[in-house]
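The values are calculated or read from the model by the stated rules, or taken from the named source; none is laboratory data. Keep in mind that this is a model prediction, so the values were computed, not measured. Glycine gets a Cβ as well: all are built from the backbone with ideal geometry, and neighbour counts include every protein chain shown. For accessibility, only protein heavy atoms count, side chains too; no ligands or nucleic acids. Shrake-Rupley method; radii C 1.70, N 1.55, O 1.52, S 1.80 Å.
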Amino acid sequence: MKKTNALRKLWYNLSPGQRFFIRKMYYFPMDLWDKISGKTEKYVAPRGAIYTGSPASAKEYLKQGQQQLTLLKQYIDLKPDDSVLDIGSGIGRTAIALTSFLGSKGKYEGFDAVEKGVKWCNSKIKKDFPNFNFNYVPLYNDLYNTSEINASGFVFPYPDNSFDKVFSFSVFTHMQIGEIENYLKETERVLKPGGKSFSTLFIYNSVTEDFISTRENFNFPVKENGFRWMSDKVKSSNIAISESLLNEMISKTNLSNLHLVDGFWKDEIRDPNKLEYQDILVLQKED
């Protein structure tokens, strides 16, 4: 545990640019081999360019996207004709899966704070699927960039009541409380009445707090008022939110909490029936 924490501390002391460069160099041999052996896919970026989640082979990356699509269909009843917003669209993990699901009447919009991910998606996915669009938003995040726009006051670049469904995978895990609260309000604003949102994040309560703060390898040792940080050096590294604080933030919106599904990240013994590592939050905008 000490070795893992030391490596994590060293990693978070690097600048965003240094982290991107090291990741690219580390995965360069595997990316080269994938290219030589024909194991690449048209819409999947090289491992070294994948900055969210665990870099994976093209085959595994596509599998992960399909898993996310399965969750969206299961928990928010995603339909082929839906208009959807992907908050933190990354480098296309979910979008790729949706290209074979959304019909011609469906519409996809995504935005992300990392420009290279948006450029990749527009040059690869949007080029072949005109009902898909990706926007770069230069938001400050000490894990990914040094931009100046603060997410706590950011207004999503879409009109009111624009989307049937809004979703985010592991976005709230890399934000601060004021930013998350603003994103919940903005989600409400852009959702159509009766529309649903899906988010994955880390949530704890009084029963699980001690375990998630002291467990080996992946823990949240820094305690704050209603939430815990993985690192107080890079506050966007990972955050876990208490159920009580989360419910308090939701109560300030016109969103109702439909489902809160535990992920297996905080299982002391892995529950094989759980499909998602992070916790799942499903909300619905009141009519």
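Here are the numbers:
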{"item": "Members of region 159-174 found to be surrounded by 21 or more Cβ atoms within 10 Å (Cβ to Cβ) and not in a strand (DSSP E or B), listed by number", "result": "PHE169, VAL171, PHE172, THR173, HIS174"}
{"item": "Residue that is modelled with the highest pLDDT [pool: residues in region 100-115 that are more than 20 Å from LEU71 (Cβ to Cβ) and touching a Leu at 6+ places or on another chain (Cβ under 9 Å)]", "result": "PHE111"}
{"item": "Checking PHE211 against (1) in contact (Cβ under 8 Å) with a residue 40 or more places away in the chain; (2) part of a loop (DSSP other than H, G, I, E, B); (3) not acidic (Asp, Glu), the condition it does not meet", "result": "(2)"}
{"item": "Region 89-99, residues that are more than 14 Å from GLN67 (Cβ to Cβ) and polar (S, T, N, Q)", "result": "SER89, THR99"}
{"item": "Subset of region 220-269 [part of a helix (DSSP H, G or I), closer than 28 Å to PRO193 by Cα and touching a residue at least 40 places away in the same chain (Cβ under 8 Å)]", "result": "GLU243, LEU245, LEU246, MET249, ILE250"}
{"item": "From the options LEU62, LEU32, residue that is assigned to a helix (DSSP H, G or I), modelled with pLDDT of 90 or more, surrounded by 11 or more Cβ atoms within 10 Å (Cβ to Cβ) and of a type in the set (A, V, I, L, M)", "result": "LEU62"}
{"item": "Test result for PHE211, of a type in the set (A, V, I, L, M, F, W, C), within 19 Å of TYR75 (Cβ to Cβ) and in contact with a helix residue (DSSP H, G or I) (Cβ under 8 Å, 6 or more places away or on another chain)", "result": "no"}
{"item": "Among (1) part of a loop (DSSP other than H, G, I, E, B); (2) among the hydroxyl-bearing types (Ser, Thr, Tyr); (3) more than 21 Å from LEU275 (Cβ to Cβ); (4) without any contact (Cβ under 8 Å) to a residue 40 or more places away in the chain, the one test that TYR108 misses", "result": "(1)"}
{"item": "Scope region 276-287; condition open to solvent by 30 Å² or more (accessible area, probe 1.4 Å) and either under 16 Å from the mean Cα position of the chain (by Cα) or basic (Lys, Arg) (or both); matching residues", "result": "GLU276, TYR277"}
{"item": "LEU139 vs. criteria under 23 Å from ALA58 (Cα atoms), open to solvent by less than 20 Å² (accessible area, probe 1.4 Å), in contact (Cβ under 8 Å) with a residue 12 or more places away in the chain and of a type in the set (A, V, I, L, M)", "result": "no"}
{"item": "Residue count for region 178-200, restricted to those that are open to solvent by less than 30 Å² (accessible area, probe 1.4 Å), in contact with a strand residue (DSSP E or B) (Cβ under 6 Å, 6 or more places away or on another chain) and not in a strand (DSSP E or B)", "result": "2"}
{"item": "Qualifying residue in region 95-104 (condition: part of a loop (DSSP other than H, G, I, E, B) and surrounded by 22 or more Cβ atoms within 10 Å (Cβ to Cβ))", "result": "yes"}
{"item": "Matching residues in region 221-237 - criterion: being under 15 Å from LEU201 (Cα atoms), modelled with pLDDT of 75 or more, of a type outside the set (Phe, Trp, Tyr) and surrounded by 20 or more Cβ atoms within 10 Å (Cβ to Cβ)", "result": "ARG228, MET230"}
